[in-house]
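Below is one structure, written out as structure tokens, with a few remarks after it.
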Amino acid sequence: IYHQYLFFKDLKLANEVAKLDDKSRSIKIDLTKLHDKIDIPETLSFLTGKFIKRIFKDKVVFTDGSEIEYANIDYKIVKPLIWW
């Protein structure tokens, strides 16, 4: 039975996925290092409630013109996935 968070099972993974940005004093998440089978654009679309306009190798662009880089996601966006 899988009852543990993925981050607790491997602390190195937590260090690779979550980074503290001292310059902006924020936490940035890199979901590309979590698992290679995650549909990152679709996940970000679901979390933000926005429709996808275009998918690139390193970012997703939404129909409202906003975009999110996969390796530089603000933790506030993915917080519902981590702390539920």
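The values are calculated or read from the model by the stated rules, or taken from the named source; none is laboratory data. Note that this is a predicted model, so its numbers are computed, not measured. Because the Cβ atoms are built from the backbone with ideal geometry, glycine has one as well, and the counts that use them run over all protein chains shown.
Some points to look at:
- Tabulated pairs, the stretch 48-62, first assigned to a loop (DSSP other than H, G, I, E, B), second of a type in the set (Val, Ile, Thr), C-beta under 6 angstrom, 6+ apart or interchain: Phe51/Thr63
- Residue that is nearest to Ala18 (Cα to Cα), among those in the stretch 29-71 that are at pLDDT below 85 and not charged (D, E, K, R): Ile29
- Unmet requirement for Leu11, which otherwise passes all of (1) farther than 14 Å from Lys76 by Cβ; (2) of a type in the set (A, V, I, L, M, F, W, C); (3) modelled with pLDDT of 70 or more: (3)
- Of the criteria (1) at pLDDT 95 or above; (2) surrounded by 10 or more Cβ atoms within 10 Å (Cβ to Cβ), which one Leu20 fails: (1)
- Residue list for the stretch 38-66, restricted to those being under 13 Å from the mean Cα position of the chain (by Cα) and not hydrophobic (A, V, I, L, M, F, W, C): Asp39, Pro41, Glu42, Thr43, Ser45, Thr48, Asp58, Lys59
- Selection of the stretch 45-70 for residues being crowded, with 16+ Cβ neighbours inside 10 Å and among the hydroxyl-bearing types (Ser, Thr, Tyr) yields Ser45, Tyr70.
- Selection within the stretch 34-47 - hydrophobic (A, V, I, L, M, F, W, C) and touching a residue at least 24 places away in the same chain (Cβ under 8 Å): Leu34, Ile40, Leu44, Leu47
- Count of the stretch 66-76 residues, restricted to those that are in a loop (DSSP other than H, G, I, E, B) and without any contact (Cβ under 8 Å) to a residue 12 or more places away in the chain, is 0.
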